[in-house]
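Novice: Structure below; questions to follow.
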Amino acid sequence: QVQLVESGGGLVQPGGSLRLSCAASRVIFSDNVMGWYRQAPGKKRELVAVITPGGTTNYADSVKGRFTVSRDNAKNTVYLQMNSLKPDDTAVYYCNARPVLGGVNSWGEGTLVTVSS
């Protein structure tokens, strides 16, 4: 069973930065599209960013130019660098692994990001 463990969340002031990490185990990391999703209180879970095994990325319009997703296939880890954070970015951020050839998606338990002064 795939295991995804997120870290790096916390409280940050508006305009600040955070870097989230997601360590994957029990998975062939390079066979998976890795993604970050978030869910704010009272809202549906939404896509933030994804990155393919080859490094192609895609972002939600709301985070373009502020967030950067990257992956280290040797370390089985995906990152989300978040800059110029806004209160609207407050949410639980979840890591996702989706097999390129299809199959079951896997999710981490999430890490809370709170943007507040």
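Novice: In straight Cα distance, which aspartates and glutamates are under 16 Å from K75, not counting same-chain residues fewer than 8 positions off?
Specialist: E6, D31
Novice: Here's a follow-up. For the chain, how big is Rg over Rh, using alpha carbon atoms and the Kirkwood form of Rh?
Specialist: 0.95
Novice: Another question, then. So for the pair S17, V100, with labels modelled 7 Å out along Cα→Cβ, what separation do we get in nm?
Specialist: The two pseudo-label positions are separated by 3.0 nm.
Novice: In percent, what relative contact order does the chain have, based on Cα pairs under 8 Å that are 6 or more apart in sequence?
Specialist: About 36 percent, as a whole number.
Novice: To check you understand DSSP bridge types, tell me what percent of the beta bridges within the chain (both residues inside) are antiparallel, rounded to 5.
Specialist: 95
Novice: Within region 49-77, list the residues whose amide N lies under 20 Å from a label point set 7 Å along Cα→Cβ of R26.
Specialist: Answer for region 49-77: 75-77.
Novice: Based on DSSP loop calls and a cut-off of at most 11 other Cβ atoms within 10 Å, the longest stretch of the chain free of exposed trypsin sites (Lys or Arg not before Pro) is what?
Specialist: 65-117
Novice: Now a separate question. Treating only the Cβ of Lys, Arg, Asp and Glu as charged (+1, +1, -1, -1), what charge dipole size does region 27-117 show about its Cα centre? Round to the nearest 20 debye.
Specialist: The dipole magnitude comes to about 120 debye.
Only the coordinates and a few stated rules stand behind these numbers; no lab work does. Just so it is clear, the model here is predicted, and its values are computed rather than measured. Cβ sites come from the backbone with ideal geometry, for glycine too, and all protein chains shown count toward neighbours.
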